[in-house]
1. Could you check, for region D:285-298, whether at least one of its residues is at the interface with chain C (Cβ under 10 Å from one of its Cβ atoms), surrounded by 19 or more Cβ atoms within 10 Å (Cβ to Cβ), touching a Leu at 6+ places or on another chain (Cβ under 8 Å) and closer than 22 Å to D:Val538 by Cβ?
2. Restricting to region C:142-184, give me the number of residues that are closer than 26 Å to A:Thr232 by Cα, at the interface with chain A (Cβ under 10 Å from one of its Cβ atoms) and in contact with an Asp or Glu (Cβ under 7 Å, 6 or more places away or on another chain).
3. Give me the residue from region D:365-390 that is touching a residue at least 12 places away in the same chain (Cβ under 8 Å) and hydroxyl-bearing (Ser, Thr, Tyr) and, out of that set, nearest to D:Met513 (Cα to Cα).
4. D:Asn272 - would you say it is of a type outside the set (D, E, K, R), buried (at least 19 other Cβ atoms within 10 Å of the Cβ) and free of Cβ contacts under 8 Å to residues at least 24 places away in the same chain?
5. Any residue at all in region D:430-437 that is aliphatic (A, V, I, L, M) and over 21 Å from the mean Cα position of the chain (by Cα)?
6. Exactly one of these conditions fails for D:Glu390: (1) away from chain A (no Cβ under 14 Å); (2) under 21 Å from D:Val313 (Cα atoms); (3) among the acidic types (Asp, Glu); (4) assigned to a helix (DSSP H, G or I). Give me its number.
7. Within region A:13-31, can one find any residue that is closer than 24 Å to D:Glu426 by Cβ, surrounded by fewer than 17 Cβ atoms within 10 Å (Cβ to Cβ) and at pLDDT 90 or above?
8. Before we move on, is B:Gly286 under 17 Å from B:Glu42 (Cα atoms) and either at pLDDT below 80 or not assigned by TED's automatic domain parsing to the domain that holds B:Gly26 (or both)?
Amino acid sequence: MTRYAIRRILWLLVVLLVVSFITFSLMHLVPGGPWDREKQLAPQVIEALNRKYGLDKPFFVQYGNFLLGLLHGDLGISYSYQDRGVTQILMQGLPITATLGITAFIIAILIGISLGMAAALKQNSWIDYLSVLFSTIFASIPGFVLAIILMVVFSVILHWLPTGGWGSVSQIIMPAFALAALPAAFIARITRASTLEVMHQDYVRTARSKGLLERVVLIRHILRNSLIPVVTIAGPEFANLVTGSVIVETIFSIPGIGRLFVQGIFARDYGLIMGSVLFYAFVIAIANLVVDILYGMIDPRIRYD
Amino acid sequence: MTALIEVRNLKTYFHTQDGIVKAVDGVSYNVNRGETIALVGESGCGKTVSALSILRLVAEPAGKIEAGEIIFDGIDLLKLSNEEMRKMRGAKISIIFQEPLTSLNPVLTIGRQISEGLEFHKNMSTKEGLQEAARLLKLVGIPHPERRIHDYPHQFSGGMRQRAMIAIAIACQPQLIIADEPTTVVDVTIQAQLLELIRNITKELNTALILITHNLGIVARYAHRVFVMYAGNIIEHGNALDVYHYPCHPYTAGLLTSVPRLDESRKNRLIPIEGQPPDLIALPIGCSFQARCAYAIPQCQREKPPLLEVAPNHYAACWVSQKEQRPWQKKSL
Amino acid sequence: MAIVTNTTTGPERPHHTLWGDAWVRLRRNKLAMAGGIFIIILALAAIFAPLITPYDFAHQDYTAILQNPNAKHWLGTDGLGRDVFARLLYGARTSLAVGIFTQLIVICIGLPIGAIAGYSGGKVDNALMRFVDVMYGFPDLLLVILLKAVLGSGIYQLFLAIGLVAWVNISRLVRGQIMSLKSRDFVSAARAMGGMGRYITWRHLLPNALGPIIVSITFNIPRAIFTEAALSYIGIGVRPPTPSWGAMIHDGYDVIFASWYQVFFPAIAIALVMMAFTFLGDGLRDALDPKLRH
Amino acid sequence: MRSKSILLSLLAILVTASLILTSACGTSVKGTGEQILRVNLAGEPAQVDPNRASWASERSVIMQVFVGLLGFNQDLSLRADVAKVIPTVANKGISADGLTYTFKLRTNVTWSDGTKVTAKDFVYSIKRMLNPDLAAEYASFYFDIVGGLAYFSAPDKTDAEKTTLKNAIGVKAIDEYTLEIKLNDPLPTFLDLMALWPVYPVREDIITQFGDAWTNPPNYIGNGPYILTEWVHQDHMTFKPNPNYWGTKPKLAEIDFKMITDANAALAAYMNNELDISGVPVGTEKATMADATLSPQILRYNDLTTFAFQFNVTKPPFDNKLVRQALSCAIDRQTLIDIRGGVGKVALSWIPPGMPGYDATLGSEYAFNVTKAKELLAQAGYNDVSKLPEIKFSYSDTAGNRTIAQFLQGQMQQNLGINITLDPQESKSFQEYINAGKHMWAWFGWGADYPDPDNWLPQLFGTGAGNNHTLYSNPTFDALAAKGLKELDNPTRLKDWADAQKMVMDDAPIVTMFYRERFLLVKPWVKGLTTTGMDGQVAGDMFYTEVYMTK
């Protein structure tokens, strides 16, 4: 399995290269540049800025410089953040977004899998309909509406939690639940669907015929066989959560990296765009790699010949 | 000598959208310690459901044990709480299922699937469980068991998987093993080996065995007594050899003629039983076999024949048979 | 001694194909049927909206701004005095179309790629999955802005913009399912009988992998509706005054403290559509589940 | 099968876990007791370097940490801050020909690290602001300083040439506390310009030592009432009183600038007592007025900002003055204000009330009158509106713009039967699109940098001016504007600008819609808040020295 993982890491570099080239070219093809402002800058000033940030060089030279910088772990500088290094901006915001993302992921997995299995085991019972209601509501309400509802209830009415910001544990709860709602609903429904397929299998009946504890039958025999689709979607959901959500970080004013990608694009801040896109592509590729490895561990029949 | 297990008037129904399927409709049989009985009948006659009812593994919410008692070693299993019943499964009573291909957990090693039961009932550690598993695999005739316990089911052939199932069943030295058509899926040569293996083990451990099959050839050789089931009822039971040679129910006779016999000349054509088994939702009044029975008399349509002793230790539920003439029996013997 | 008389009693059990039998059971599943009927009714209501509501979705009645539901305006009015009920009906045209058609693109691209990668494994799987990794990391917002600049802003560009990136989840799901199913014994049996890869995948693997796929599709529908709203702000797809549910929620959000109705009604509409598809999807899955088929 | 119990216990653990978390730490509502003012900056300022700053949020930060030579009183009249007195011709501050300005500095002004503020700090700041490599957005205001424009437009020159140009700039420190500035031409509003932030003093030694990082605490040294003690990017900025402040000590112990970008979240924070002042989401003003608890806390005041539609006068049909005038009468401005919650005043002319140049009588011909509009259209040859070419209204994708666009579409359709197509665009594409003059019709707002017509007319309507997106070009206007910019005699100057504005309004390159009225919520315990028409992002940010809390 390690040989396979190494081969995949090499392929990861290829993926990142392709993504970086696509992003770099898209960035320059899209209308509007970093210096377009409401109050037009004098042409010579724009020239000076382009020279300062090396934007006057031909396309491939700029791309080459970017790759060289990447080798030293330098993702270039951001024009809209007083020339702070993009790597530094990412590293500064990452711990916050990652903490929030991981908390949300754990909540999503806990609620998702337990509700999903309960709904499958008790098909067409009240808990099954509850899981349908739960997942429909959290899929049909967009993130920003859910966030503001949580805020109105827990901050404005109950005064239990601060509306946002970062620093204390109480500021993690609402954003984490707002982030976890949709993935939890998705995981719940996927778990239900795959558990339904598994729970009627013969080996589950064999397990019960051995007099095993119900908990053991559930976890070792049912869950383990229904994990494949759950793991498949959990990977990308984890990557999305860990790299931050624009909506939740904006509304709860969390100084994470969730907003960098969108801000970078709307400001045509090339350094920021490249940094955030590559970071996300890296995390999602790793997540999918982990998912593939988990396939092999969960189901011995799957092998990568 | 009281029987190890006695099933009295068991009724297990399935509530489906189309109506209530009376899979087991008032079945009674018993098994003594160390004895092997056979439950015989076409597929869908309720033999597997009755076995699953003993272990209370009938698939909820559709399936439900409506009535009857299952007295095992003096305790009525149907009265036990789920927890108490769980302690019985695997420890006192175990089962070998029909399809080895799908009855083993594909993602768990064979060793763990054997040691699981031991860890619970004999609270062995996993290590001890695995050692015991290796011993059991050796007992059931699997080569290099120490290595094979770490293999997964898909690395075993059909026959070897069934041997693993047997190992699982005998792991906790149960008092009763239910073998639900253990050899149907494997080819004939393996079939004989498996049955010999099961017989030796049950004899060695003095375990009672309920052998469920539709192959009468097996019955005569391995079972002491045989119970023939049709459409959810027992229509004939008695000593295996008596029933084999002197079937007292036209259905049993039909079964016997539809199977090639070594002691018969090969010229006789095999005669299948015509028609289909009745739909268990809309059972006819009277004898449920009457539609397919060549010897049916008007009474068969009116009234359901009771199970009466038509010969010493030989019971049958057939009006014609109670009148002492059994035209379907061969003259020569 | 022939045993004769084979008159059988009881209903003759007709032998159906997989899909035929599934349709029989699906029809009997009340919830699934309710879901299907709801969607059809909604689609008809959207098409015949002019007959249902006298109000024009774009007419701004400045005397009736941000009104709560009342006799004249059943669901109240929005910030520009337009009738919310009318906008919901006409909005259904956009949102339903977007929600459903993008799923067709997602299925047409996602299923084959996932199936081929899952079934063939090795080099093909690696190549396809690396392409999927690239698509996962793809900066779709940049592409969308470029699409607008290059292709202009019609409804087809919208489907393209949403569909192009939304299929990755499905392809991974299908691949995962097929990889674990393909080594199952009934598949090796089918393969032993000389079944072609494509035939095996379609006939055996997909029905078994259907559960999670259907769920993923039902979740894509609201996601597509919201993406459409986000894209309409940068000019792709439907432009004002043509309403869409996603856009109504976005606009409603801005005045949520003044009138939460603006967000509530479109959200309910989307929830009902998704619930309908969920029940329909569950019904289909149960209908196709070989285990339940007795 | 009793699987239910396991799963319920799992859910139970989850719920209890979150309950423990909440009770453990309660809400972090900081001291409503102490003198701490918490306001919302609504976003991370991109640039807090005075020489380079341009946005409202950046100005609010700079106002707390720096004080310039001159400043504005609440009524926006000039005030001498670091300068001892406002230079005038009378006190020889300004030379007779209006070309030389001499500022006498107070001697007691210190930086927050205790060192003295001297004339060379201002020389360094002005020259740095004009540095071509800095590309400061407001540099163009100071091109009249001798050598200013030449130095600024030489980014491609060698360093040697740049230093010579830099030394040629007409800014000199006569002695430690006297600053002399020479202009190419007389500029009557130059004193207003010297009251703006780009010419606030900055420390050369600190900037050379820290480079671009000089704006991070603790390097961010200023001479204002507060110092920036903490800046967590995207989260908050904290200011504490400057211990070495030479002026009147502020009453507050701390100011906390939060960065809540979402209007709804900001309002929720206000209701949860995390903010002392907050704006209200556009469109919910009426509901706030109706709210029993919130309505007494409402603060409304006029803002020197006008919003208007702008035609691209080179694109038919808008190249025809009559069509422009017709459409200007066909849009009901009061309705738009009602839609925006009744906040704001109807604007019939460009320069807003509350500053010189405002003319209440101007633009009355554009009052809402559909029949007149149709007559004008008929005169323009379009009695049948279908003959009009396709009209496209382009706008960038913010929430407020969406409502405006759909309002305009409704007005055109309902009043004149004209179907305009809306063209929403992503913000940067829109900026490039409008700078390239590809648009037909757009929406924009303009806020006063300083209260004078010459900040409102030449920059927008002068041929080829930086912000002239109407592409309006009128030689007589340009001549009048050139004269007005130089006219030292104030009454004639204001007369020139009045004529210029009348000319523009008559040509109607824009449809003025409303003068912005700021609508805020202020907690009852906030006292001494002093708001002006030129406030930055945060209300009353010019006079935070006088604010104090009563709770």
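1. yes
2. Adding up the residues that qualify gives 1.
3. D:Tyr366
4. The answer is no for D:Asn272.
5. Taking every residue of region D:430-437 in turn, at least one turns out to be aliphatic (A, V, I, L, M) and over 21 Å from the mean Cα position of the chain (by Cα).
6. Single failed check for D:Glu390: (4).
7. Yes, there is a match, as at least one residue in region A:13-31 is closer than 24 Å to D:Glu426 by Cβ, surrounded by fewer than 17 Cβ atoms within 10 Å (Cβ to Cβ) and at pLDDT 90 or above.
8. Answer is no for this residue.
The values are calculated or read from the model by the stated rules, or taken from the named source; none is laboratory data. Since the structure is predicted, the reported quantities are computational estimates derived from the model, not experimental observations. Heads up, the Cβs are rebuilt from the backbone with ideal geometry, glycines too, and the neighbour counts pull from every protein chain shown.
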